[in-house]
1. When residues of the stretch 18-58 are filtered for being surrounded by 15 or more Cβ atoms within 10 Å (Cβ to Cβ), within 13 Å of the ligand (Cβ to nearest atom) and assigned to a helix (DSSP H, G or I), how many remain?
2. Could you tell me which of the residues Leu120, Leu151, Leu100, Leu113 is closer than 30 Å to Thr71 by Cβ, surrounded by 16 or more Cβ atoms within 10 Å (Cβ to Cβ) and either out of contact with any helix residue (DSSP H, G or I) (no Cβ under 8 Å at 6 or more places or on another chain) or not hydrophobic (A, V, I, L, M, F, W, C) (or both)?
3. Looking at (1) touching an Asp or Glu at 6+ places or on another chain (Cβ under 8 Å); (2) modelled with pLDDT under 95, which one does Leu133 not meet, given that it meets all the others?
4. Ile91 - would you say it is away from the ligand (no atom under 16 Å from the Cβ) and either at pLDDT below 95 or hydrophobic (A, V, I, L, M, F, W, C) (or both)?
5. Scan the stretch 5-24 and report the pairs whose first residue is more than 14 Å from Gly95 (Cβ to Cβ) and among the small types (Gly, Ala, Ser) and whose second residue is more than 14 Å from the ligand (Cβ to nearest atom) and part of a loop (DSSP other than H, G, I, E, B), with Cβ atoms within less than 6 Å and a gap of 6+ or a chain change.
6. Among the numbered conditions (1) within 14 Å of the chain's Cα centre (by Cα); (2) assigned to a helix (DSSP H, G or I); (3) of a type outside the set (A, V, I, L, M, F, W, C), tell me where Gln159 comes up short.
7. Within the set of pairs 6+ apart or on separate chains, which have a first residue in the stretch 98-121 that is within 11 Å of Asn156 (Cα to Cα) and within 14 Å of the ligand (Cβ to nearest atom), a second that is of a type in the set (Lys, Arg) and not in a strand (DSSP E or B), and C-beta atoms under 9 Å apart?
Amino acid sequence: MKSEQAEPARIVVLISGSGSNMQAIAESCQKQDIDANIVAVISNRPGVPGLDRAEHFELHSEVVDHTEYSTREEFDVNLIRAIDEHSPDLIVLAGFMRILTPDFVRRYKGRLLNIHPSLLPKYKGLHTHKRALEAGDKQHGVTVHFVSEDLDGGPNIIQAVVPILDDDNEHSLQSRVQNQEHIIYPIAVKWFTEGRLSMLKGDAYFDNEALPENGLQLN
Ligand code: GRF
């Protein structure tokens, strides 16, 4: 556990688009539900709405535009440089739509979180809402997990389950899932900053207990 005198944790958030999860975490920090500061928001795309949200919250933001680099490795080296300028305790991927190199993932192992809109290990990758609907699933949801070198494959921390309704379409389902995203991501970040979460040999631990494959269930 963090000691009483510890400085607020330093968080760098990586985004590619809307930034609504970044906003949910920023609000929790602002309300001091989370004892942490977002010290930088870094986007790989210029001009995205998430950068406006960062400005609204008076957060420092930067763009490391992936189109300016000819290889994934070169982009990641520059991204690492930008992140490390801020000496973060935690790196939060919040709708960051880039596949990261193994070197990047290894560098931040155990302090790199991601949110994925499915009940992992189900539906890794893209178009998760569409795939859940097409499969006729009765429930869907969202997962916060530690990032490992497997895409969407690191150990799960927390999930929220969302029922699929008969008249759901991709948009309605996505919107209900997003409501849950904005609840569970701040919870996971809070736990991390309180020293309650860790990753050891590929497993996630909460209060020193190994978490089940699905992680903790919010509902
Ligand atoms: C979310 O649906 C998240 O699950 C996925 O990308 C989306 C990001 O949304 N990884 P936002 O940029 O946080 O609004």
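The values are calculated or read from the model by the stated rules, or taken from the named source; none is laboratory data. Computed from a predicted structure; not experimentally measured. Reconstructed Cβ throughout: ideal geometry from the backbone, glycine too, with neighbour counts over all protein chains shown.
1. Counting residues in the stretch 18-58 that are surrounded by 15 or more Cβ atoms within 10 Å (Cβ to Cβ), within 13 Å of the ligand (Cβ to nearest atom) and assigned to a helix (DSSP H, G or I) gives 11.
2. Leu120
3. Failed condition: (2).
4. It is false that Ile91 is away from the ligand (no atom under 16 Å from the Cβ) and either at pLDDT below 95 or hydrophobic (A, V, I, L, M, F, W, C) (or both).
5. Close Cβ pairs (under 6 Å, with a partner that is more than 14 Å from the ligand (Cβ to nearest atom) and part of a loop (DSSP other than H, G, I, E, B)) amount to Ala9/Asp89.
6. With respect to (1) within 14 Å of the chain's Cα centre (by Cα); (2) assigned to a helix (DSSP H, G or I); (3) of a type outside the set (A, V, I, L, M, F, W, C), Gln159 is out only on (2).
7. Pairs found: His116/Lys124.
Each row is one residue, and each column tells you yes or no for (1) more than 22 Å from Phe192 (Cα to Cα); (2) at pLDDT 95 or above; (3) touching a helix residue (DSSP H, G or I) at 6+ places or on another chain (Cβ under 8 Å).
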position	(1), (2), (3)
Asp33	no, yes, yes
Asn37	no, yes, yes
Pro46	yes, yes, no
Leu51	yes, yes, no
Ser61	yes, yes, yes
His86	no, yes, no
Arg106	no, yes, no
